[in-house]
1. L126: within 16 Å of P77 (Cα to Cα) and without any contact (Cβ under 8 Å) to a residue 24 or more places away in the chain, yes or no?
2. Which fully enclosed helices (runs of 4 or more DSSP H) of region 16-127 have 2 or more residues being at pLDDT below 90 and surrounded by 11 or more Cβ atoms within 10 Å (Cβ to Cβ)?
3. Counting just the residues of region 140-166 that are outside any loop (DSSP other than H, G, I, E, B) and more than 15 Å from the chain's Cα centre (by Cα), which one comes out surrounded by the most Cβ atoms within 10 Å (Cβ to Cβ)?
4. Regarding region 145-156, can at least one residue be identified that is farther than 26 Å from T96 by Cα and out of contact with any Cys (no Cβ under 8 Å at 6 or more places or on another chain)?
Amino acid sequence: MSMTLTAAYGLLAHGLIFGALAALLPLGELRPRVALAATAIALIAGIAPVMHGFFGAPSLTLLQLALLQLANRTPSPFGVVQARGLLFCMVPFYLTTSGWGPFDPYGLGYQPWALLAALVPVAGALAWRGQSVWLWILAVDLAGYACGLFANLWDALFDPLLGLLALILVGRQGVIRLIAARTRRSVS
């Protein structure tokens, strides 16, 4: 039984993503060990294959964010502002891709010249704003697509699991603001 490059990537990436999720736990000095153990358990116990079967191959963007989390990169480059921006792009994309409009943007990812041209000003803005981590993430995404890891450029850039993570970050901030507002009202 042979495994394709995309399937092998998906399994390994989901193992690392699971480890990065474990790294979010407030465990102090044990955090790196728990993250490493969680990555191994995800691969050995079958969690990574289940995640791969349910979500498909994760985007290189999500994998890189997971690796940064595992490397204890603080502050994380994926904050609420970036999550909102991602949702701003992803929600219309997934709605139109699922038939809520006359145009399916997913097809652009198979012949991505227009999409690549649209990414040039994005890369310029990232460089101008000094967002070197995001510029690097974009470069690795493009390299992964160019190497044939993904058949569609959109799949290298984002995926539903990354969208779910963005939704959780934005929702969490909304709940925190709501609680803070109620606390201020009850104090005054």
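The values are calculated or read from the model by the stated rules, or taken from the named source; none is laboratory data. Predicted, not measured: the structure shown is a model, and the values here were computed from it. Ideal geometry is used to build each Cβ from the backbone, glycine not excepted, and the neighbour counts take in all protein chains shown.
1. Numbers: within 16 Å of P77 (Cα to Cα): yes; without any contact (Cβ under 8 Å) to a residue 24 or more places away in the chain: yes.
Yes; evaluated as a whole, the condition is true for this residue.
2. By residue number, 80-97.
3. Y145
4. Yes, region 145-156 contains at least one residue that is farther than 26 Å from T96 by Cα and out of contact with any Cys (no Cβ under 8 Å at 6 or more places or on another chain).
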